[in-house]
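What follows is a set of notes on a single structure, which appears directly below.
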Amino acid sequence: MDLLELIKNRYSCRSYQPTSVEQDKLDYIMECVRLAPSAVNKQPWKFRFVSSEEDRKIICQCYNREWFATAPIVVIASILHDEEWVRSDGKHHGDIDIAIAVEHFCLAATELGLGTCWVCNFDAELCKKSFGLGENEEAAVLIPIGYPADDSKEKKRKAIEEICK
Ligand SMILES: Cc1cc2nc3c(=O)[nH]c(=O)nc-3n(C[C@H](O)[C@H](O)[C@H](O)COP(=O)(O)O)c2cc1C
């Protein structure tokens, strides 16, 4: 798949088959994450894999949607605030860094025929408490991953003329 094809193929998957994901595929995805760029190369991130029945129940309390519960694995992508780069004017860069790493994750998964979805509308405090995140660690994105049980939808995006100046 060329890059444009890969980008077109990625979509927010909101229904998963119960089949788990092979470890070698997860390893490949995490290698793509590991190589993501970050401000001053700080790599201020952690990726926790949630797959046991018990932990999946807990993560579903953090984001309570029927479709979310179908994912065999949910990854908690967190920012390590004590490691992120902070510019001289005080701007923190962990949000930018985690976004790049998460999209590497989603594109790599797409390449392997797996579905993912960015989820940010969850209870981050409950997640932090339930999964024992560090004091300076923020759960930023939940990424359900698995084999899709739905189909991609048409991409509704602004036209090039609207976004280029
Ligand atoms: C930062 C971010 C946060 C998002 N949070 C959620 C979310 O909490 N729940 C959800 O169902 N989708 C969420 N999405 C998915 C978007 O709704 C989706 O990417 C957008 O509608 C475009 O659709 P597509 O991903 O299928 O191309 C999020 C996406 C991004 C980039």
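Derivation of every value follows stated rules applied to the coordinates shown; laboratory data play no part. Because the structure is a prediction, the values reported are computed rather than measured. Glycine gets a Cβ as well: all are built from the backbone with ideal geometry, and neighbour counts include every protein chain shown.
Taken together, the residues in the range 144-165 that are outside any loop (DSSP other than H, G, I, E, B) and either more than 10 Å from the ligand (Cβ to nearest atom) or over 19 Å from the mean Cα position of the chain (by Cα) (or both) amount to 7. For the range 29-47, a tally of residues being more than 24 Å from C127 (Cα to Cα) and either surrounded by fewer than 15 Cβ atoms within 10 Å (Cβ to Cβ) or in contact with a Lys or Arg (Cβ under 6 Å, 6 or more places away or on another chain) (or both) returns 5.
Looking only at residues in the range 1-12 that are touching a residue at least 40 places away in the same chain (Cβ under 8 Å) and not in a loop (DSSP other than H, G, I, E, B), which one is farthest from the ligand (Cβ to nearest atom)? Ranking the candidates gives L6 first. Is it the case that some residue within the range 116-127 is of a type in the set (S, T, N, Q), within 12 Å of the ligand (Cβ to nearest atom), over 23 Å from A39 (Cα atoms) and crowded, with 23+ Cβ neighbours inside 10 Å? Scanning the range 116-127 turns up at least one residue that is of a type in the set (S, T, N, Q), within 12 Å of the ligand (Cβ to nearest atom), over 23 Å from A39 (Cα atoms) and crowded, with 23+ Cβ neighbours inside 10 Å.
Give the residues of the range 70-92 that are within 17 Å of W118 (Cβ to Cβ) and among the hydrophobic types (A, V, I, L, M, F, W, C), sorted by residue number.
If we filter the range 70-92 for residues that are within 17 Å of W118 (Cβ to Cβ), which is where we start, we get 70-71, 73-79.
Listed by number, the residues that qualify are A71, I73, V74, V75, I76, A77, I79.
Residues in the range 134-148 that are touching a Ser or Thr at 6+ places or on another chain (Cβ under 9 Å) and either of a type in the set (D, E, K, R) or farther than 11 Å from L114 by Cβ (or both): G134, E137, E138, A139, A140, V141. Within the range 91-108, being over 9 Å from the mean Cα position of the chain (by Cα) and more than 15 Å from L35 (Cβ to Cβ) holds for K91, H92, H93, G94, D95, I96.
Would you point out which residue out of I79, I59, I73 is in contact (Cβ under 8 Å) with a residue 40 or more places away in the chain, more than 22 Å from A36 (Cα to Cα), crowded, with 17+ Cβ neighbours inside 10 Å and among the β-branched types (V, I, T)? Residue meeting the stated conditions: I59.
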